[in-house]
Every structure is written in structure tokens, then in C-alpha cells.
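A quick write-up on the structure given underneath.
The values are calculated or read from the model by the stated rules, or taken from the named source; none is laboratory data. All figures in this text were calculated on a predicted structure; none of them were measured in a lab. Glycine gets a Cβ as well: all are built from the backbone with ideal geometry, and neighbour counts include every protein chain shown. For accessibility, only protein heavy atoms count, side chains too; no ligands or nucleic acids. Shrake-Rupley method; radii C 1.70, N 1.55, O 1.52, S 1.80 Å.
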Amino acid sequence: GQQVMQIPQYQHVQEGEDFTTYCNSSTTLSNIQWYKQRPGGHPVFLIQLVKSGEVKKQKRLTFQFGEAKKNSSLHITATQTTDVGTYFCAGPLGGNKLVFGAGTILRVKS
Amino acid sequence: DGGITQSPKYLFRKEGQNVTLSCEQNLNHDAMYWYRQDPGQGLRLIYYSQIVNDFQKGDIAEGYSVSREKKESFPLTVTSAQKNPTAFYLCAATGTGNEKLFFGSGTQLSVL
């Protein structure tokens, strides 16, 4: 079936190092969304990408949407302890059915 | 995120028992969703509703039931047919198509 795959599953980094998580869809997406879930919390919307090749930045976070609109990435520059959490990508597969990737758990060592 | 209220925060189910998780929203959003999250895993879609009195099965609907009698409310019943119900359940809502999801704070369901 239609899927959204996300890698890596876990990433442990030293504070100040960079971090990237990748998302791939089995089909072309009309848009892709990214969410962050802090430990013990609920997912919170970060951003939505719509255009082919789109790049958006939020402070130290850079989001990219692939040219074919089937892949996306989230890159964090110089991680901080406040970046700890699980990052999910999500894409609409079948109308309003939003399908989530498995998420990447980020741990930051200070 | 404000506007989505889930209750209770923690719920315990006895074997053979049906339990209902509440989800209420005051965002006036048409679409509502129920996701299940297992430890260290992503969110799997149980049911979703795009409009009052209508809902569709997600990827793991077996053992669950929902209703959407009011725009504001989308309760989820975990039936006795769901043999592995222990999980974190998240309710969400969104406006007209492809907009961001607002999540509730979740309900942790455990089996006694």
C-alpha cells in the first residue's frame, strides 16, 4: 500500500552537531508536513511544503521538498538540548487521509 | 495546541470491556482523526471523519468504533475485540483538506 518511509529511526548527536532526517513516499505528494513531538507530549505542527524543490527555513531548521515531490528532509544546524524529541513527516495519501512516517527520535548529549 | 480536548488522560481497561475515549474540539474544523501510537513508533490511523455523520476506516480500524454525531465531538470506542489495546491514543482535527493537524494531549490506555 501507499507508505511514507522515514530514516533514520534514531539519532544521537553531541550538542552542536548537525542532524538530518529523511522522508520518502511511494507516491507523489501534493504536500508534505513536518511535526515535532517532545517526550511525553503530542505532535506539534512545524511546517508544510507544497512546491516542487521548495526550501524553507525556521531559524536552525531547514526543510526541503524534492523535485519529484516524493521525498523531503529536515536538517537541524548546531543542535541544542531543546531539539530533543521525535520528528515526523506526514503526507496526504488518498484525499484527507494524512499518513505519518515512523518518525526519527533525536537525542542530544550535552 | 489549544482547541482539542481529550479525556481521560489515563484509562485502564479490564479484559472483555469496552472503553470510550473522548475527543472534543472548539476549532470549528470539519475533519477529525484518531491515531494510535505505540512506544517508539509512529502514528497509525484508526478512523477519520471529514464531515458530521460520516467516517472512514484508517489502516488499523479492527477492534475500534467511532461516531460523529456532532461537529465538535469524535469519540473512539476500543472494543473487547481489540486484543492489544495498550497504546497512546491521539485525536486530531484539521480544516478543509491538506491543512495542518491540531492534536489533543492524548490518552494513555492500559490493560489491567
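Some notes on this structure:
- Identity of the residue in the stretch B:7-35, farther than 21 Å from B:L112 by Cα and in a strand (DSSP E or B), that ends up most open to solvent (accessible area, probe 1.4 Å): B:E24
- In the stretch A:58-70, residue farthest from B:W34 (Cα to Cα) [restricted to those that are open to solvent by less than 30 Å² (accessible area, probe 1.4 Å) and hydrophobic (A, V, I, L, M, F, W, C)]: A:L61
- Within the stretch B:78-90, residues that are surrounded by fewer than 17 Cβ atoms within 10 Å (Cβ to Cβ) have Cβ atoms under 8 Å from residues that are not in a loop (DSSP other than H, G, I, E, B) in these pairs: B:T79/B:Y64; B:T79/B:S65; B:T86/B:L109; B:T86/B:S110; B:T86/B:V111, counting only partners at least 6 apart in sequence or on another chain.
- Test: residue in the stretch B:77-85 that is within 15 Å of the chain's Cα centre (by Cα), away from chain A (no Cβ under 12 Å) and small (G, A, S): no
- Identification of strands (runs of 3 or more DSSP E) wholly contained in the stretch B:42-90 with 3 or more residues that are among the aliphatic types (A, V, I, L, M) yields B:43-51.
- Residue among A:V44, A:V50, A:V55 that is of a type outside the set (D, E, K, R), open to solvent by 50 Å² or more (accessible area, probe 1.4 Å), closer than 29 Å to B:Y89 by Cα and touching a Ser or Thr at 6+ places or on another chain (Cβ under 8 Å): A:V50
- Being more than 14 Å from chain B (Cβ to nearest Cβ) and part of a strand (DSSP E or B) holds for only one residue in A:Q64, A:Q11, A:Q48, A:Q33, and it is A:Q64.
- Checking the stated criteria, B:N53 turns out to be free of Cβ contacts under 8 Å to residues at least 60 places away in the same chain and exposed (fewer than 15 other Cβ atoms within 10 Å of the Cβ).
- Qualifying residue in the stretch B:98-107 (condition: without any contact (Cβ under 8 Å) to a residue 40 or more places away in the chain, within 12 Å of chain A (Cβ to nearest Cβ) and not basic (K, R)): yes
- Among strands (runs of 3 or more DSSP E) entirely within the stretch A:71-110, having at least 2 residues that are modelled with pLDDT of 95 or more singles out A:71-76, A:85-92, A:104-109.
- Considered as a group, the residues in the stretch A:78-104 that are more than 7 Å from chain B (Cβ to nearest Cβ) and in contact with a Phe, Trp or Tyr (Cβ under 8 Å, 6 or more places away or on another chain) include one that is farthest from A:E17 (Cα to Cα), and that residue is A:A90.
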